[in-house]
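Below: one structure, written as structure tokens.
The values are calculated or read from the model by the stated rules, or taken from the named source; none is laboratory data. Just so we're clear, the structure is a prediction, and the values are computed from it rather than from any experiment. Glycine gets a Cβ as well: all are built from the backbone with ideal geometry, and neighbour counts include every protein chain shown. Heavy atoms of the whole protein, side chains included, go into the accessibility calculation; ligands, DNA and RNA do not. Shrake-Rupley method; radii C 1.70, N 1.55, O 1.52, S 1.80 Å.
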Amino acid sequence: MGHIMNIYYCYSCGYRKVFEDYAGIIQQKYPEISVIGANYDPPGLNMYLSRLIGFGKMIIIMCILSGVNIFAWLNKPQPSWWSWCLENKLYACMMMFFMANMIEGQLVSSGAFEISLNNIPLWSKLETGRIPQPSELFQIIDNTLQFSKMEMPNFGQ
């Protein structure tokens, strides 16, 4: 009988390498377990807000590079900061790009490293605040596999 281990990790936190290392040692010790990893999506509206900021960032950069006065469309006077952006296109675009990326990164960063085996939660970094040591994880896996092999008595018959 094959078992499936799911590991959901925070890609933007750099946990992909940790996942790959853990998947390798788990496959080595437990060849009957298939390890599947995926990004842990941030909670709530953070992902949508991050995408909206990314889209807005690209529009503003295109307006700066093309020299479009977006305030004229809104029938508003052009602010001095927008004039500076149009005069210093390279700096303005770089600043916009890096600031928006920083905000997007904060929105999608979950800090997660969640492990489950056959849909049974084994470990949650969100709850414990840390990633398990391999020996801890092996003990939890051994206990879970042993528990799943036990036959439950039939009380109704």
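As a summary of the residue check, C63 satisfies the conditions (1) in contact with a helix residue (DSSP H, G or I) (Cβ under 6 Å, 6 or more places away or on another chain); (2) of a type outside the set (D, E, K, R); (3) open to solvent by 90 Å² or more (accessible area, probe 1.4 Å) except for the one numbered (3).
Residues in segment 72-87 that are surrounded by 11 or more Cβ atoms within 10 Å (Cβ to Cβ) and within 16 Å of M62 (Cβ to Cβ): W82, C85, L86. Number of residues in segment 1-33 that are closer than 26 Å to E104 by Cβ, at pLDDT 90 or above, open to solvent by 50 Å² or more (accessible area, probe 1.4 Å) and not aromatic (F, W, Y): the value is 3. Within segment 36-49, does at least one residue satisfy the condition of being touching a Ser or Thr at 6+ places or on another chain (Cβ under 9 Å), assigned to a loop (DSSP other than H, G, I, E, B), of a type in the set (S, T, Y) and at negative phi? So far as segment 36-49 goes, yes, one or more of its residues are touching a Ser or Thr at 6+ places or on another chain (Cβ under 9 Å), assigned to a loop (DSSP other than H, G, I, E, B), of a type in the set (S, T, Y) and at negative phi. Total residues in segment 34-44 satisfying the condition of being over 11 Å from I115 (Cβ atoms), at pLDDT 90 or above and open to solvent by less than 50 Å² (accessible area, probe 1.4 Å): the figure is 1. For segment 108-157, residues that are open to solvent by less than 30 Å² (accessible area, probe 1.4 Å), modelled with pLDDT of 90 or more and assigned to a helix (DSSP H, G or I) total 2.
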